[in-house]
Number of protein chains: 2
Amino acid sequence: MRVRAKPKRAPIEPEAVVRIALEILDARGLEHVTLREIASRLGVKAPALYWHFKDKQDLVEDMAHVILKDARIDEIQRPEDIHSWAEWLADVARSLRKALLSHREGGRVVAGAAFGRAKSLASLAILASRVTKEAGFDDAHAHLAVGVVFDYVWGYVIEEQAGFGPEPEDQSPEAAERYKEAMESVLPSDFGPQMKILNAAVRDMDSLTPDERFEWGLQAIITGLKAEHTAAKRGSVKQSSPSA
Amino acid sequence: MRVRAKPKRAPIEPEAVVRIALEILDARGLEHVTLREIASRLGVKAPALYWHFKDKQDLVEDMAHVILKDARIDEIQRPEDIHSWAEWLADVARSLRKALLSHREGGRVVAGAAFGRAKSLASLAILASRVTKEAGFDDAHAHLAVGVVFDYVWGYVIEEQAGFGPEPEDQSPEAAERYKEAMESVLPSDFGPQMKILNAAVRDMDSLTPDERFEWGLQAIITGLKAEHTAAKRGSVKQSSPSA
DNA sequence: ACCTGAACACCGTTCAAGT
DNA sequence: ACCTGAACACCGTTCAAGT
């Protein structure tokens with residue numbers, strides 16, 4: 001009992017914890033990303049994770065960081081020609097969306113990490129603001145322009161990934177019936193026909209791919225930003241769009 | 001023992017459940033909106049709620065519905081003059097944001113109810129699509145135009161309300177230190193200076209109120225939609241903005 | 001019809017104790 | 001330094017049973 005001491009497994013690495021968490025995320029969804037599940041896959045018990053992470057929130061924030069890093073959004077370079085700031089910003093938006101789509105519920109994970117805390121995202125925002133500033137926006141409006149684009153990406157992706165979150169649920173119609181009855185007081189009773197219209201709307205949208213839909217809105221926003229840009233260069237201070 | 005039968009409290013009303021849930025939401029945040037807490041405030045036990053609701057998700061969806069209804073977004077009327085579709089759409093966006101801001105974490109609650117399920121929201125989307133269609137967009141692009149605006153509202157409000165979610169956390173610096181050390185492998189070590197820039201960015205933004213910031217982005221988007229609108233009326237099919 | 005009691009299968013988190 | 005065992009204070013949900 002001197003040689004051949006205890007096997008003493010190598011300490012688990014924080015990076016490995018995050019990667020396992022992402023595996024679970026993709027395979028089973030965010031709600032299954034639990035400390036117990038992560039720990040068990042690492043061959044360890046749940047409390048062990050508290051040695052490496054302050055709490056679960058910190059783990060999620062690192063997940064967000066790694067998602068963005070794997071998608072290389074931290075390697076994005078400023079545009080060679082500053083005059084192409086608008087198309088560059090559109091490209092940033094595309095990269096960001098792609099990053100969020102690279103993992104199941106990626107939008108929720110990254111959004112769950114508060115904006116200022118997801119460091120790779122903060123870096124990107126800083127870079128983008130700097131570029132728009134150089135393009136001619138003043139300080140405040142440079143941040144605003146970037147914010148509009150980022151917010152659109154958030155909103156779009158979160159809606160895009162909605163419903164793809166939890167596991168496919170089975171619709172038990174008998175319970176739904178009781179529920180529906182109970183809610184009729186609060187619901188407009190004439191919602192039936194609207195449902196048909198909604199379905200028609202969905203069909204209309206189906207003529208375009210999600211990429212195309214995203215692209216159209218992005219293009220509209222970029223166009224708007226360009227207009228604000230030239231307006232800001234012409235007039236000095238006030239710019240509110242003329243005509244209602 | 002014939003007169004004076006059991007007190008038999010009146011059945012709880014679904015509407016009352018939702019209102020209590022909203023009270024808890026505002027007072028203590030979404031994470032405290034639990035079935036047990038709601039039930040206890042109603043003088044009832046948690047399983048009783050399952051008589052009136054299929055599950056918690058349904059409760060949340062009704063919360064979303066009531067939030068929007070209380071903010072009267074279901075009373076929004078089409079514009080008198082169809083030519084003012086753009087400013088009307090901007091007003092819809094303002095109303096929607098106001099509705100989401102009317103309760104703590106309102107954005108998350110309404111976003112949590114899948115888009116198609118929050119009936120009052122679906123109604124609004126239908127109305128808005130109809131209006132943009134009448135304004136001259138074809139079917140698909142009418143929906144897209146509305147989608148851009150709605151997505152911006154989502155993204156903006158969710159970021160606006162982020163951090164205002166959970167209770168104020170106490171920063172225990174000793175645990176944070178261990179954590180920071182563990183994460184240094186994955187983090188760029190030169191993040192310190194960027195943090196300063198981020199702070200500067202926040203200062204820049206502070207010169208504007210949240211309302212003004214929202215307004216600026218909204219205006220940019222509306223401007224962009226107008227441009228797409230006239231472009232679509234001129235050329236028939238293809239519209240990609242010229243110049244990068 | 002509407003609600004309770006008791007249980008089930010989970011969570012995140014803490015902390016003394018082990019090695 | 002790094003991990004376990006056991007516990008704490010919760011969750012949502014089910015279901016037989018009460019009234």
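Just so it is clear, none of the values below were taken in a lab; they were calculated from the coordinates. These figures come from a predicted structure and were not determined experimentally. For neighbour counting, all protein chains shown are included, and Cβ atoms are generated from backbone atoms with ideal geometry for every residue, glycine included.
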Legend entry - Lysine pairs with alpha-carbon atoms under 22 Å apart, the stretch A:44-164, spacing 8 or more or separate chains: 10
Legend entry - Extension gain (nm, one decimal) between A:Glu37 and A:Leu208, 0.36 nm per residue minus Cα-Cα: 57.7 nm
Inset, instruction - Please arrange B:Arg19, B:Arg97, B:Arg213, B:Arg9 by counting, for each residue, the other beta carbons lying within 10 Å of its beta carbon, fewest first. - result: B:Arg9, B:Arg19, B:Arg213, B:Arg97
Inset, instruction - Would you mind getting me the FRET efficiency between A:Ala27 and B:Asp81? Use the beta-carbon distance for r and R0 = 51 Å, nearest 0.05. - result: 0.45
Inset, instruction - With N set to the residue count of the stretch B:54-103, report its C-alpha Rg divided by 2.2 N^0.38 Å to two decimal places. - result: 1.41
Legend entry - GluC sites (Glu not before Pro) restricted to DSSP loop in the stretch B:35-80 with at most 11 other C-beta within 10 Å: B:Glu80
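Quick one: if the Förster radius is 51 Å, what FRET efficiency do A:Val44 and A:Arg234 give, using the C-beta to C-beta distance and rounding to 0.05? Mind showing how you got there, number by number?
Numbers: r = 63 Å, r/R0 = 1.23.
Here the calculated transfer efficiency is 0.20.
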Inset, instruction - Step through the residues of the stretch B:48-55 one at a time and calculate ³J(HN,Hα) from phi using the Karplus curve (6.51 cos²θ - 1.76 cosθ + 1.60, θ = phi - 60°), rounding each to whole Hz and writing x for Gly and Pro. - result: 4, 5, 6, 6, 9, 10, 5, 7
Legend entry - Rounded to the nearest 20 debye, dipole of the stretch A:42-109 from Cβ charges on Lys, Arg, Asp, Glu: 400
Legend entry - Cα gyration tensor shape of the stretch A:17-85, rounded if a/c is under 1.5, else prolate or oblate by comparing a/b with b/c: prolate
Legend entry - Global form of the stretch B:19-165, assessed from the alpha-carbon gyration tensor, a/c cut-off 1.5: prolate
